[in-house]
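The values are calculated or read from the model by the stated rules, or taken from the named source; none is laboratory data. No experiment lies behind these values; they were computed from the predicted model shown. Here the Cβ positions follow ideal geometry from the backbone for every residue, glycine too, while neighbour counts run over all protein chains shown.
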Amino acid sequence: MKGSAQQRSKWVLHQCCIRGDSRSEETRRLLLEAAFNEIYEYGFQAASLSRILKSAGVTKGALYHHFGSKFDLGYAVVDEIIATSIEDFWIKPLRDAEDPIETFTQLMYKAAEETGREMLRLGCPLNNLAQEMSPIDAGFRERLERVFSSWREALANALRSAQERGQVRKDIDPEQTAIFVLAALEGCVGSAKAAQRMDVLYACGNGLIHYLNGLRVVQEG
């Protein structure tokens, strides 16, 4: 378990930013990191505040100084860790991509290399929470949909720009394609998690890459 938590720290270190050097902000950062790890491991509903406090090394009073409730803490995990991670890892590279298909493909390889084993065991943090909490809590659903929407928009815009440059076929709809690609990506992670097999992750990923390459304009000659 310690090894897994150490791997997960890679996921949160660049997402959970300290807004200042104060002890209070450091405490808040520790709480968010511990909460992310706990929720990723057990899900939000089964997440234990006692374990979060123990992992963060802070008191219950410190928790409620920063977050009014367990739900407020969970919302902050989505807004400040998960959303920021998707923005930094997936969205920003797509905004500047000269070849969005190649960029997305390389990001898939990078994600599998850096966090594949952890995703195999626990899945995607974003999709896990969407599956668990979207049907039962509007606060989670709205936040998670904003993340997915921003991700879809970035991919759709990148594909549209590539169409204008003559790289991507004109007959595809960028918005529909972005919805499908992200659903397929999350499906790959979910299938691999269910099977607990890396070969399932790679086989599904290769199928998605084949689909993406089929979006390219075929150069004659």
Count of residues meeting criterion [surrounded by fewer than 16 Cβ atoms within 10 Å (Cβ to Cβ) and hydroxyl-bearing (Ser, Thr, Tyr)] in segment 39-87
6
Being assigned to a helix (DSSP H, G or I), surrounded by 20 or more Cβ atoms within 10 Å (Cβ to Cβ) and under 18 Å from the mean Cα position of the chain (by Cα) is true for just one of 117, 143, 121. Which residue is that?
143
Can you go through 162, 156 and tell me which one is of a type in the set (A, V, I, L, M, F, W, C), touching a helix residue (DSSP H, G or I) at 6+ places or on another chain (Cβ under 9 Å) and farther than 27 Å from residue 201 by Cα?
162
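Kindly indicate the residue of segment 99-108 that is touching a residue at least 60 places away in the same chain (Cβ under 8 Å) and not hydrophobic (A, V, I, L, M, F, W, C) and also nearest to residue 187 (Cα to Cα) among those meeting that condition.
For segment 99-108, the residue satisfying everything is 105.
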Within the bounds of segment 172-194, is there any residue that is over 28 Å from residue 75 (Cβ atoms), at pLDDT 95 or above and not in a helix (DSSP H, G or I)?
yes
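Conditions (1) within 16 Å of the chain's Cα centre (by Cα); (2) more than 20 Å from residue 131 (Cβ to Cβ), marked per residue:
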position	(1), (2)
150	yes, no
154	yes, yes
170	no, yes
173	no, yes
176	no, yes
181	yes, no
184	yes, no
200	no, no
Do the conditions hold for residue 79, that is, is it in contact with a helix residue (DSSP H, G or I) (Cβ under 8 Å, 6 or more places away or on another chain) and in a helix (DSSP H, G or I)?
yes
For segment 170-198, pairs from a residue that is in contact (Cβ under 8 Å) with a residue 60 or more places away in the chain to a residue that is charged (D, E, K, R) and outside any helix (DSSP H, G or I), with Cβ under 6 Å and 6 or more apart or across chains, are none
Those residues of segment 19-46 which are closer than 16 Å to residue 80 by Cβ and not in a helix (DSSP H, G or I), in sequence order:
19, 20, 44
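Is it true that residue 117 is among the charged types (D, E, K, R), under 21 Å from residue 78 (Cβ atoms) and either in contact with a helix residue (DSSP H, G or I) (Cβ under 8 Å, 6 or more places away or on another chain) or modelled with pLDDT under 95 (or both)?
Answer is no for this residue.
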